[in-house]
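Undergrad: Sending over a structure as structure tokens; questions will come in a sec.
The values are calculated or read from the model by the stated rules, or taken from the named source; none is laboratory data. This is a predicted model, so every value here is computed, not measured. For the accessible areas, the whole protein counts, side chains as well, though only heavy atoms, and no ligand, DNA or RNA atoms are used. Shrake-Rupley method; radii C 1.70, N 1.55, O 1.52, S 1.80 Å.
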Amino acid sequence: KATDHERARDYLNQALLVREDEEYGWKRANCLMGLGNIYNTLNKIPEALDKYQQAAEAFEGEYYLANMGAVYSNIGNCYLKMHEFDMAENYHQKAIDLRMKLGSPYPIGVSYFNLGMVYKSQNKLEQAGEFLNRACKMKETLGDKPFVVEINKEIDDLEARIRKNRTA
């Protein structure tokens, strides 16, 4: 995760070879998700998106809802980085919908944050504030202090942009 991305990529590709006989397979999909994460970290977004989409297909084939929510969130973040906001919003909404069905608060809070960032990037400041505040409340309840700090920085920036727009 920290620095040796090439070695991690090699191990994940070796693991994929071991799993190549599986048409879907959640273990194979997790390897693909790991490769997507490496490419995403390296800012190789098209490669990350390709791996995430392959993982999504596998998770969908096995109907692993929690993993589907995670991969949809990752796909949404790729589209956000590519400034394809409609696709980013679509995938983040799919992630929220699945995560709401599962009811686990941690990933729901992440999805609220991600969708808030999509709206913030589009300058839809009211919608961004709504989702960022939802994320903040959920993360405060869970005691996730580092994430609350990150969310509050985004909310502060958002509020500054709103004030600036009012005076402009």
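Undergrad: Whenever you get a sec, compute what percent of the accessible area on the chain sits on carbon and sulfur atoms (1.4 Å probe).
TA: That share works out to 49 percent.
Undergrad: Right, another one. Considering only protein heavy atoms, what per residue accessible area in square angstrom results for the range 46-140 with a 1.4 angstrom probe?
TA: I get 45 Å² per residue for this part.
Undergrad: Springs between alpha-carbon pairs under 10 angstrom, Gaussian network model over the chain: which of 52, 63, 39 fluctuates most?
TA: 63
Undergrad: Across the range 30-35, in residue order, what do the Karplus-derived ³J(HN,Hα) couplings come to in whole Hz, using 6.51 cos²θ - 1.76 cosθ + 1.60 with θ = phi - 60° and x for Gly and Pro?
TA: Values per residue, Gly and Pro as x: 5, 5, 5, 5, x, 5 Hz.
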